[in-house]
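Everything below concerns the one structure shown next.
The values are calculated or read from the model by the stated rules, or taken from the named source; none is laboratory data. Given the structure is predicted, the values throughout are model-derived calculations rather than measurements. In this analysis, Cβ positions are derived from the backbone assuming ideal geometry, glycine residues included, and neighbour counts consider all displayed protein chains.
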Amino acid sequence: MDKTQLKKRVLKSLNENQKTLIEVCDKLWRTPELAMQESGTSRILRDWLDREGFHVETGISDMRNAFLAEFAQGSNAPVIAFLTDLDAVPGVSNKVVPRRKPIVEGGPGHGCGHPQINAGNVGAAIAVKNEMERMGLDGTIRVYGAGAEELLIAKVFMARDGLFDDCDVILTSHPTSMNAANSNTCCALLSTEFTFFGQSCLTAKNPEAGRSALDAAQLAAIAVSMRKSYMARGTVVEYVIPDGGSQPNTVPDVSKVWFMVRHQNESWVKDAYQKILNAVKGAAIATGTTSKENFLTFCYGYLPNERLGRLIYNNAKIVGPPTFTDDEKRFANEIRKNYGLEEIAEPIHEGLEFLKDGLDMYAQDGGDASRIAPLASVNCAFPKDITVHGWGTTAISGSSIGQKGMMFCAKTLAATAADILTKPEVLVEIKKEFNFRTNDRKYECLVPQDIKPISEDFMKYHVKTRW
């Protein structure tokens with residue numbers, strides 16, 4: 001059978017199975033689960049892959065809901081990986097309406113478009129697998145079921161455990177403000193939490209006995225904020241105090257402060273981390289408390305691969321970006337209005353861009369995987385200027401706008417995988433650029449070997465007062 005027909009066949013398969021992909025996307029959207037609690041989401045995807053003939057292994061890298069699904073044939077080469085992001089965002093539950101209307105007040109929602117990523121990427125992997133199996137083509141199609149992406153967890157620990165070591169190419173997708181092939185870099189990120197321990201008392205009775213853990217947490221946060229002006233330009237430090245005590249007239253004897261640090265260069269993240277450690281030490285001394293660190297994660301930014309990004313872009317042109325109806329544009333403009341933004345003629349991008357040589361200020365736990373094998377992504381457009389991790393993105397993710405974006409990404413990635421399977425010279429070029437950018441340096445995980453992934457109870461504790 002003519003292997004050059006693979007791309008045509010996978011695109012035809014996705015067109016024929018569009019209803020299935022949309023149904024899975026909708027089911028995922030209705031099952032928002034927080035980091036490390038994604039049992040339902042994981043099951044939906046695992047069952048789908050199992051029905052389609054993939055071998056599925058669960059409990060990967062000490063994470064109960066993480067999985068690897070694989071189909072291998074012939075020589076097993078090349079190995080093409082598709083990523084997923086299983087978790088939802090706390091506090092952004094919303095119906096598919098253009099205003100804030102939670103399904104569950106304070107509950108989680110898909111305010112980062114993960115149903116589009118999961119249904120689209122897995123749908124693409126299934127389409128490629130089925131057609132390469134029918135055509136008898138050599139290769140391996142692998143899907144990584146990765147939770148806690150919002151906390152930059154799963155793929156870091158998978159990378160540390162060597163689970164990407166034999167990959168030839170890694171493909172993924174993400175909603176953003178435009179349709180694009182993306183080979184930009186992004187930020188490295190470190191996440192760590194400190195618990196302060198003091199002594200409770202009733203200040204009206206015996207204030208001299210008290211040592212406020214909340215004072216310590218606040219002082220540490222203030223000290224870090226004061227040091228931010230003297231960190232490397234471009235450093236972003238964010239924090240929350242998830243535990244501040246129970247009631248005002250009982251001095252808190254336990255309190256927590258959780259920091260995340262981002263910068264393009266992981267060396268400057270390490271520098272900021274040292275300043276945080278000093279601030280925590282000083283806060284404990286000043287308040288007469290003690291502290292304990294819970295180091296959570298540390299990931300690299302994306303290592304760009306322009307050749308792979310260009311291949312994705314060429315296939316995105318073949319697929320064509322989504323177009324939107326007047327009703328969909330009105331829906332997008334209504335969301336904009338409810339965020340205090342003006343109505344515009346094109347509220348959703350309908351063009352196609354190729355992003356390269358740029359820095360995206362977010363972080364992705366796939367950054368570690370990109371240091372092991374070439375990685376690039378395709379973006380689908382959500383309405384312009386609508387904040388991610390907000391109710392508006394949740395509403396869009398559950399709408400026909402999100403479904404169109406998901407199908408665009410699925411087709412683009414499937415067509416890209418078809419090229420990699422049938423054009424070995426393209427893979428040679430992609431790997432040549434990867435070797436040049438890494439300068440043959442071996443990947444070294446930034447997370448210490450004794451650190452384990454966060455537990456399933458982590459987010460239960462941190463959002464226990466929200467919903």
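If you go through the stretch 289-343 and pick out every residue that is of a type in the set (Ser, Thr, Tyr) and out of contact with any strand residue (DSSP E or B) (no Cβ under 7 Å at 6 or more places or on another chain), you end up with 3.
For the stretch 169-262, which strands (runs of 3 or more DSSP E) that fit wholly inside it have 3 or more residues that are buried (at least 18 other Cβ atoms within 10 Å of the Cβ), in contact (Cβ under 8 Å) with a residue 40 or more places away in the chain and touching a helix residue (DSSP H, G or I) at 6+ places or on another chain (Cβ under 7 Å)?
Working: elements: 169-176, 180-182, 185-197, 236-243.
Fully inside the stretch 169-262 and qualifying: 169-176, 185-197.
With respect to the conditions (1) farther than 16 Å from GLY147 by Cβ; (2) under 18 Å from the mean Cα position of the chain (by Cα), SER61 lacks only one, and its number is (1). For the stretch 58-70, indicate whether the set of residues that are over 26 Å from VAL388 (Cα atoms), small (Gly, Ala, Ser), in contact with a Ser or Thr (Cβ under 8 Å, 6 or more places away or on another chain) and modelled with pLDDT of 95 or more is non-empty. So far as the stretch 58-70 goes, no, none of its residues is over 26 Å from VAL388 (Cα atoms), small (Gly, Ala, Ser), in contact with a Ser or Thr (Cβ under 8 Å, 6 or more places away or on another chain) and modelled with pLDDT of 95 or more. Filtering the stretch 354-371 to residues that are closer than 17 Å to LEU86 by Cα and either outside the structural domain of GLU306 (by TED's automatic domain parsing) or assigned to a loop (DSSP other than H, G, I, E, B) (or both) leaves GLN364, ASP365, GLY366. Take the conditions of a type in the set (Ser, Thr, Tyr), crowded, with 19+ Cβ neighbours inside 10 Å and touching a residue at least 40 places away in the same chain (Cβ under 8 Å) and apply them to THR387. Does it pass? So THR387 fails the test.
Mind listing whichever residues of the stretch 308-332 are assigned to a helix (DSSP H, G or I) and either at positive phi or surrounded by fewer than 20 Cβ atoms within 10 Å (Cβ to Cβ) (or both)?
Of everything in the stretch 308-332, those that are assigned to a helix (DSSP H, G or I) and either at positive phi or surrounded by fewer than 20 Cβ atoms within 10 Å (Cβ to Cβ) (or both) turn out to be ARG310, ASN314, LYS317, ILE318, ASP326, ASP327, GLU328, LYS329, ARG330.
Filtering ARG46, ARG100 for residues that are part of a helix (DSSP H, G or I) and charged (D, E, K, R) leaves a single hit, ARG46. With respect to LYS12, determine if the residue is touching a residue at least 60 places away in the same chain (Cβ under 8 Å) and among the basic types (Lys, Arg). When the stated conditions are applied, LYS12 does not pass them. Against the test of being under 25 Å from LYS19 (Cα atoms) and buried (at least 24 other Cβ atoms within 10 Å of the Cβ), the options ALA414, ALA369 yield a single qualifying residue, ALA414.
Going by the structure shown, is GLU193 modelled with pLDDT under 95 and out of contact with any Leu (no Cβ under 6 Å at 6 or more places or on another chain)? The answer is no for GLU193. Hey, can you tell me all the residues within the stretch 421-467 that are at pLDDT 90 or above, of a type in the set (S, T, N, Q), over 22 Å from the mean Cα position of the chain (by Cα) and part of a loop (DSSP other than H, G, I, E, B)? Hits for the stretch 421-467 are ASN439, GLN449.
Once the stretch 125-168 is narrowed to residues that are of a type in the set (Gly, Ala, Ser) and within 20 Å of ILE372 (Cα to Cα), the residue that is surrounded by the fewest Cβ atoms within 10 Å (Cβ to Cβ) is GLY162.
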